[in-house]
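The numbers here are math on the coordinates, done by the rules we state, and not lab data. Predicted model, so just to flag it, every value in this text is computed and none were measured. Virtual Cβ from ideal backbone geometry, glycine too; neighbours counted across all protein chains shown.
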Amino acid sequence: MTDQTMPASMAGLTDVDPYPFYESVRARGPLAWDDSMRGFLVTSYELCRDIEMHEELYRHPYADASPELIEIKSVKGGHRNITISQGEDHTKIHKWLLGLFVPRTVEQYREKHIRPIITRLIDRFVDKGRIELTSVYSDQIPPRVLMSLFAMPWDDDVLARKVLDLHETVMTWIGSQNRGSELTDKARAAGREINAILMPYMLERKKNPGDDLISRLWTDGPKILDNFTDEDALANAREMFLAGTDTTVHAMANALHILITQPEVMQAVHTDRKKALSNLVEEALRLYGSVQYRFRVANQDCEIGGQPVKKNQVLILINSAANRDPAKFACPAAVDLCRTMPKEHLAFNAGPRNCVGAALARTEMIDAVDMLLDRVKNLRLDPAAPPPAFRFHYTRSFRPLHVLFDAA
Ligand code: HEM
């Protein structure tokens, strides 16, 4: 991209490769004001990490959540959801939900909730030889995994698509800093619709708990939070559903894109599948994120990277730019499956609000690539079809992925 086509501000990056812009921001110094985002852009790995680690200095924006945000992201009265809660409540909920997704537990989910879904999806297209991989594969896995963990009918195609579309609407609104009446109206309607979809399952599991995650919310919740309410249960189910769907859809597409566009990566995967896959997933997360940036707010007047920041000014932590910071990563824009600390990126944030679902996301991504390669060979981009582009703004992935292959 030339400077002429590079947008002047961050809001203009929708559907545009954002990395030339991020590099121009990095060249301006550690902090760069952006009118369109109404805040300082941060691209340094060290600063992003430091700010994420220190919530007492830089609060999460939902500390100031409006009733509208609470209603759209969870439910009226549902402020004790993991991202909206603060202080001790947040620490307790974070620890609780993290416990549902530790690697040992995710290993158990793998056979019951991840692999059967992937098998079913591949069965549908393995004989076709030509497909668009995001719509029939990577878009389909994460929403269904959450549905399966919630003991919802994950094989209902219409419902699975609806779940993804509704969550994408809410995510787009979050990335826009909750701006614009049209986006807000759409996000409000989507929030209501997700609640209407979830509610019958929530009520049924309250009466008849099983071993699914909705039941765990009802059985564990009262041990974690005083006076645990229906709103608390729904609010935290909503957050898991949202946080585990759109994010992983994009991350998975990015890993598949690297695999099919970089022959040396495909070769490495053929040589030592287990090691290469795990590193491929980390490099996809580092290089392309999927959640490009997160917000924080300064609690007091301070100095960041030598620049004054006033109390209540917004910091936009561009983790996907921090993950290409040359001060942290050698050859930052290249896929390197031999990095010594492959998990040191900020795709899942650092600090007290880091991602509780990281182990689940990593496992889904690894299995999606691994199981596909078990079933197809000569997987490659279709040269006659439209090429992939790095689409959207806040959560992003390469699409479409039109591929050709033979059944293995
Ligand atoms: C590749 C996929 C994923 C990415 C890139 C991702 C990224 C993130 C990031 C950047 C945050 C921090 C937000 C902030 O505080 O500003 C976060 C938080 C969170 N993530 Fe993920 N996530 C992914 C998958 C998942 C999955 C599969 C789940 C679970 C089902 C999940 C559940 C959560 C929850 C509940 C939080 C809130 C943590 C808190 O506020 O304490 N995420 N994620």
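Would you please state which residues of the stretch 1-45 a label at ALA389 would reach in this model, taking the label point 7 Å out along Cα→Cβ and a backbone N cut-off of under 20 Å?
The answer is 1-23, whose backbone nitrogens lie closer than 20 Å to the label point.
If you place +1 on the Cβ of every Lys and Arg, -1 on the Cβ of every Asp and Glu, and leave all else neutral, what size is the dipole of the stretch 21-152 about its Cα centre, to the nearest 20 Debye?
My answer is approximately 680 debye.
Loop-only GluC sites (Glu not before Pro) in the stretch 35-74, please: DSSP not H, G, I, E or B, and at most 16 other Cβ atoms within 10 Å.
GLU56
Give the Kirkwood hydrodynamic radius (Å, one decimal) of the stretch 28-81, defined as one over the mean of 1/r across all pairs of different Cα atoms.
In the stretch 28-81 this quantity evaluates to 13.3 Å.
Once every Cα of the stretch 12-111 carries one equal point scatterer and solvent is ignored, give the base-10 log of I(q)/I(0) from the Debye formula at q = 0.10, 0.19, 0.25 Å⁻¹, two decimals.
Result of the Debye calculation: -0.47, -1.07, -1.18.
Would you list, by chain and number, the lysines whose Cα falls below 23 Å from the Cα of LYS128, excluding same-chain residues fewer than 8 positions away?
Straight-line reach from LYS128, under 23 Å: LYS377.
Which ordering of SER290, SER176, SER148 is given by a fewest-first count of other beta-carbon atoms within 10 Å?
Listing SER290, SER176, SER148 from fewest to most nearby Cβ atoms yields SER176, SER148, SER290.
Choose one of ILE114, VAL126, ALA160: the residue whose Cα lies farthest towards the positive end of the charge dipole of the stretch 95-162 (beta-carbon charges +1 Lys, Arg; -1 Asp, Glu; about the Cα centre).
It is ILE114.
Stick to the Cα atoms of the stretch 43-181, pair each with every other, and give me the Kirkwood hydrodynamic radius in Å at one decimal.
18.0
Mind checking which of VAL297, ALA389, SER176 is farthest towards the positive end of the chain's charge dipole, using Cβ charges of +1 (Lys, Arg) and -1 (Asp, Glu) about the Cα centre?
Value computed over the given set: ALA389.
Give me the Kirkwood hydrodynamic radius of the stretch 288-364, using the inverse of the mean 1/r over all pairs of distinct Cα atoms, in Å to one decimal.
The answer is 14.4 Å.
Could you work out how far the C-alpha centroid of the stretch 182-237 sits from that of the stretch 240-269, in angstrom?
29
Cut-off is 10 Å between beta-carbons; in what order do HIS257, HIS402 appear when sorted fewest neighbours first?
With the sparsest Cβ surroundings first, the list reads HIS402, HIS257.
Counting other C-beta atoms within 10 Å, and keeping those with at most 16, which DSSP coil trypsin sites (Lys or Arg not before Pro) do you find in the stretch 5-79?
ARG38, LYS76
Check every DSSP H run in the chain and write down those whose alpha carbon atoms cover 18 angstrom or more along the long axis and whose mean Kyte-Doolittle hydropathy is -0.5 or greater.
Helices passing the filter in the chain: 157-175, 230-243, 246-261, 273-288, 358-375.
Cα extents of the stretch 96-255 along the three principal axes, largest first, in whole Å?
Here the spans come out as 55, 43, 26 Å, largest first.
Which one, PHE150, SER36, LEU98, is farthest towards the positive end of the dipole of the stretch 33-176 when Lys and Arg carry +1 and Asp and Glu -1 on their Cβ?
It is PHE150, whose Cα lies furthest towards the positive end.
In Å³ and rounded to a whole number, note down the convex hull volume per residue for the Cα atoms of the chain.
Output value, Cα hull per residue: 140 Å³.
Run the reach check for LYS223 against lysines, Cα to Cα strictly under 28 Å, same-chain hits fewer than 8 apart removed. What comes back?
Reachable lysines: LYS73, LYS76, LYS92, LYS95, LYS112, LYS206, LYS207.
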